[in-house]
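Chemist: I have a structure here, written as structure tokens, and I will follow up with some questions on it.
The values are calculated or read from the model by the stated rules, or taken from the named source; none is laboratory data. The shown structure was predicted, so the numbers you read here are calculated from the model rather than taken from an experiment. Every residue, glycine among them, receives a Cβ derived from its backbone with ideal geometry; neighbour counts consider all protein chains shown. SASA here: full protein model, heavy atoms, side chains in, ligands and nucleic acids out. Shrake-Rupley method; radii C 1.70, N 1.55, O 1.52, S 1.80 Å.
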Amino acid sequence: MSSQAAPRVLVVDDDTALAEVVARYLRREGFDVDYAADGATGLERALATLPDLVVLDLMMPGMDGFEVCRRLREATSVPVVMLTARGEEHDRIAGLDLGADDYVTKPFSPGELAARVRAVLRRATAAPPPAAVLTGGGLEIDTLAHKVHRDGAPVDLTAKEYDLLVCFLSNPGRAFQRDELLEAVWGWSIGDTSTVTVHVRRLREKIEDDASAPRHLTTVRGVGYRWEP
């Protein structure tokens, strides 16, 4: 790592043995690592210290990772990498829909997790786009303020819904394949494209007059989706 301060990572997991292995590896990779053994403590510590990234286990007793992620997103944009059980696709989709930035399925290697953490941090610290206002379909996006309005009323979007909408409005008329959107918005060259499908459906519910018959965020049969101005 460079001479700059080490990125601060908070690991929230009730599996002490796993958390110790993860923390030890991340410290060896140059990260400054803190640890919380339950969701409530993790949320309190994250809000108090504002780490650069949170590694968050979803399945914990008491306050689970879903609730922690939801409350984090209400208060901060700190990146979240969630840990899920292998095969629990609905959990991954639910976590991503709450605003998590990436996920790693158990069992995983510490090296894979460290690579995911680095990738999410690179995206989070990238230079912000130039100030611009995007419009279309009755929507107005202030990319500097990170705000969306529809017919003058604010629209509440998750982080990934916002990124997806910016991608579409920045490319009106272009047909995107689902895997293209997965790479453009999530930064994954390989992944589950059902994540895109779920986010498009929820985005339509917030921006279309009739989500079942969308006028703007349309489906291109056999391809993916297209934004119609």
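Chemist: Rank Thr49, Ala119, Gly152 by how far each Cα sits towards the positive end of the charge dipole of the chain (+1 on Lys, Arg Cβ; -1 on Asp, Glu Cβ) and give me just the farthest.
Modeler: Ala119
Chemist: Largest first and to the nearest Å, give the Cα extent of the chain along each principal axis.
Modeler: If we take the Cα atoms of the chain, the spans are 51, 37, 31 Å.
Chemist: Can you tell me the dipole magnitude for the range 70-229 around its Cα centre, using point charges on the Cβ only (Lys, Arg +1; Asp, Glu -1), in Debye to the nearest 20?
Modeler: 300
Chemist: What is the dipole size for the range 1-149, taken about its Cα centre, with +1 at each Lys and Arg Cβ and -1 at each Asp and Glu Cβ, in debye to the nearest 20?
Modeler: For this selection, approximately 520 debye.
Chemist: Rolling a 1.4 angstrom probe over the protein heavy atoms, how many square angstrom per residue are accessible across the range 5-134?
Modeler: 47
Chemist: Using a Gaussian network for the chain with springs between C-alpha atoms less than 10 Å apart, which of these wobbles most: Gly95, Gly187, Gly65?
Modeler: Gly187
Chemist: Using helices alone, I'd like the mean residue ellipticity at 222 nm for the chain: each DSSP H run of four-plus residues gives -39500 (n - 2.57), total over residue count, nearest 500.
Modeler: Using -39500 (n - 2.57) per qualifying helix, the result is -11500 deg cm²/dmol.
Chemist: Which percent of the accessible area of the chain is formed by carbon and sulfur heavy atoms (probe 1.4 angstrom)?
Modeler: For the chain, the apolar C and S fraction of the accessible surface comes to 50 percent.
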